[in-house]
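First comes the structure, then the notes that go with it.
The values are calculated or read from the model by the stated rules, or taken from the named source; none is laboratory data. All values reported here derive from a predicted model rather than from experimental measurement. Heads up, the Cβs are rebuilt from the backbone with ideal geometry, glycines too, and the neighbour counts pull from every protein chain shown. The accessibility values were calculated without ligands, DNA or RNA, using every heavy atom of the protein model including side chains. Shrake-Rupley method; radii C 1.70, N 1.55, O 1.52, S 1.80 Å.
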Amino acid sequence: MATAEESAAAVDMTGYIQHHLHHWQVSVGDSAFMTLNIDTLIFTVFCCAAFLGLFVFFARRATAGVPGKLQSVVEAVVLFVDGLVKETFHGKSKAIAPMSLTLFGLIFFMNFLDLIPVDFLPWAWGGAHSLAGHDPAHAYLRIVPTADLNTPLGMALAVFFMVQYVGLREKGVGKFFGEFFTAPFHAHGALGKVLLSPANLLLRLIEEAVRPVSLSLRLFGNMYAGELIFILIAVMTLGASLAHGSTWALGVGQFIADFGWTAFHILIITLQAFIFMVLSIVYLSMAAESH
């Protein structure tokens, strides 16, 4: 059986994890749907401002001569995304490349917040809470917007509506909705088209519904797992005393684990932003093509 000390440590760790996974919330109505995650909104606006400010800054300082290192990186990203859109999207819209670049840059900025030490901003927020005369135990703060399902789902729905808009504009109303009943199963005769239309409609509705779900859950799942792993690494020395030799051993292990996961997570946050962007371009291209 667990001792009282072990039970208290387990409760403390559970409370620590729950506290870090709790949003700063404000209710604007009676239902759970009317609850706002204020931290998600604040850091989303911050990332939007940082992304916009960075590109405006480099756009105004861009030179025809030899560019600086940061300007070279920004130009490389812009050219890469533009080339990817030209290869993948076969429609006529000029808004696809800017939208794709915005998706990639904004998601990368939001994902990058996960590399900030897991206790730093919550600790600062708890200190500010305490100075204001409030209980720091109720100072909740989560700083990664993409680890909140609302953010990936909102972006996925925006892509979903953009897909419908591109399809309607490229094909017209009649052809766009006609494909709901004539693809993917094709028939030459009128009777065959009528018989296959229910199956085509069902599959098309499932396909359209799955796209925003898969887009949002893929990004959310990876970022939530990454955030949770950082929290679990931090728990390794939670409440440990420097007087014990095991604390120093755990500290070394914690440093190695944190360094290794941070290095690997840089790949994950970049890859997830890239996948979200590429799939969005593919969906838009499919909407513009005739079936």
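Hey, any hits in the range 94-110 for a residue that's modelled with pLDDT under 85, touching a helix residue (DSSP H, G or I) at 6+ places or on another chain (Cβ under 8 Å) and surrounded by 14 or more Cβ atoms within 10 Å (Cβ to Cβ)? Full working, then the answer.
Here is the first cut: in the range 94-110, the residues modelled with pLDDT under 85 are 94.
Still in the running and touching a helix residue (DSSP H, G or I) at 6+ places or on another chain (Cβ under 8 Å): none.
Taking every residue of the range 94-110 in turn, none turns out to be modelled with pLDDT under 85, touching a helix residue (DSSP H, G or I) at 6+ places or on another chain (Cβ under 8 Å) and surrounded by 14 or more Cβ atoms within 10 Å (Cβ to Cβ).
Please go through the range 158-180 and give me each residue that is among the aromatic types (Phe, Trp, Tyr) and either farther than 28 Å from SER216 by Cβ or at pLDDT 90 or above (or both), ordered by number. I'd like the intermediate steps shown before the answer.
At the first step, the residues of the range 158-180 found to be among the aromatic types (Phe, Trp, Tyr) are 160-161, 165, 176-177, 180.
PHE160, PHE161, TYR165 - these are the residues of the range 158-180 that are among the aromatic types (Phe, Trp, Tyr) and either farther than 28 Å from SER216 by Cβ or at pLDDT 90 or above (or both).
The C-beta contact set for the range 161-184 (first residue under 22 Å from LEU202 (Cβ atoms), second residue open to solvent by 80 Å² or more (accessible area, probe 1.4 Å), distance under 6 angstrom, 6+ apart or interchain) comprises GLU179/HIS291; ALA183/HIS291.
Within the range 49-67, the set of residues being within 15 Å of VAL78 (Cα to Cα) and surrounded by 11 or more Cβ atoms within 10 Å (Cβ to Cβ) comprises PHE51, LEU52, LEU54, PHE55, PHE57, PHE58, ALA59, ALA62, PRO67.
Counting only residues that are touching a residue at least 12 places away in the same chain (Cβ under 8 Å) and hydrophobic (A, V, I, L, M, F, W, C), the range 230-285 holds 24 of them.
Of all residues in the range 22-48, exactly one satisfies the criterion of being under 12 Å from TYR140 (Cα atoms), in contact with a strand residue (DSSP E or B) (Cβ under 6 Å, 6 or more places away or on another chain) and open to solvent by 70 Å² or more (accessible area, probe 1.4 Å), namely GLN25. Residues in the range 111-134 that are under 18 Å from ILE17 (Cα atoms) and open to solvent by 50 Å² or more (accessible area, probe 1.4 Å): ILE116, PRO117, ASP119, PHE120, TRP123, TRP125. Taking the listed residues SER216, SER241, the one that is open to solvent by less than 70 Å² (accessible area, probe 1.4 Å), of a type outside the set (Phe, Trp, Tyr), in contact with a helix residue (DSSP H, G or I) (Cβ under 8 Å, 6 or more places away or on another chain) and not in a helix (DSSP H, G or I) is SER241, with no other qualifying.
With respect to the conditions (1) assigned to a helix (DSSP H, G or I); (2) out of contact with any Leu (no Cβ under 6 Å at 6 or more places or on another chain), THR146 lacks only one, and its number is (2).
Considering the conditions (1) of a type in the set (A, V, I, L, M); (2) modelled with pLDDT of 90 or more; (3) in contact with an Asp or Glu (Cβ under 8 Å, 6 or more places away or on another chain), ILE229 is excluded by exactly one of them, (3).
Find the residue count for the range 74-93, including only residues that are hydroxyl-bearing (Ser, Thr, Tyr) and either surrounded by 18 or more Cβ atoms within 10 Å (Cβ to Cβ) or in contact with a Ser or Thr (Cβ under 6 Å, 6 or more places away or on another chain) (or both). Quick ask: steps written out before the conclusion?
Kept after step one, since they are hydroxyl-bearing (Ser, Thr, Tyr), are these residues of the range 74-93: 88, 93.
Checking which are either surrounded by 18 or more Cβ atoms within 10 Å (Cβ to Cβ) or in contact with a Ser or Thr (Cβ under 6 Å, 6 or more places away or on another chain) (or both) leaves us with 88.
Number satisfying all stated conditions: 1.
The residue list ALA156, ALA183, ALA190 contains one member that is among the hydrophobic types (A, V, I, L, M, F, W, C) and touching a His at 6+ places or on another chain (Cβ under 8 Å), which is ALA183.
May I ask you to verify whether LEU141 is of a type in the set (A, V, I, L, M) and farther than 26 Å from ARG211 by Cβ? If you could, list the steps in order and put the result at the bottom.
Details: of a type in the set (A, V, I, L, M): yes; farther than 26 Å from ARG211 by Cβ: yes.
Judged against the criteria, LEU141 is a match.
Let's see how each residue does on (1) touching a residue at least 24 places away in the same chain (Cβ under 8 Å); (2) among the hydroxyl-bearing types (Ser, Thr, Tyr); (3) within 30 Å of MET286 (Cβ to Cβ):
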position: THR63; (1), (2), (3): no, yes, no
position: SER72; (1), (2), (3): no, yes, no
position: ASP82; (1), (2), (3): no, no, yes
position: GLY91; (1), (2), (3): yes, no, yes
position: GLY105; (1), (2), (3): yes, no, yes
position: PHE108; (1), (2), (3): yes, no, yes
position: ASN111; (1), (2), (3): yes, no, yes
position: LEU121; (1), (2), (3): no, no, no
position: HIS134; (1), (2), (3): no, no, no
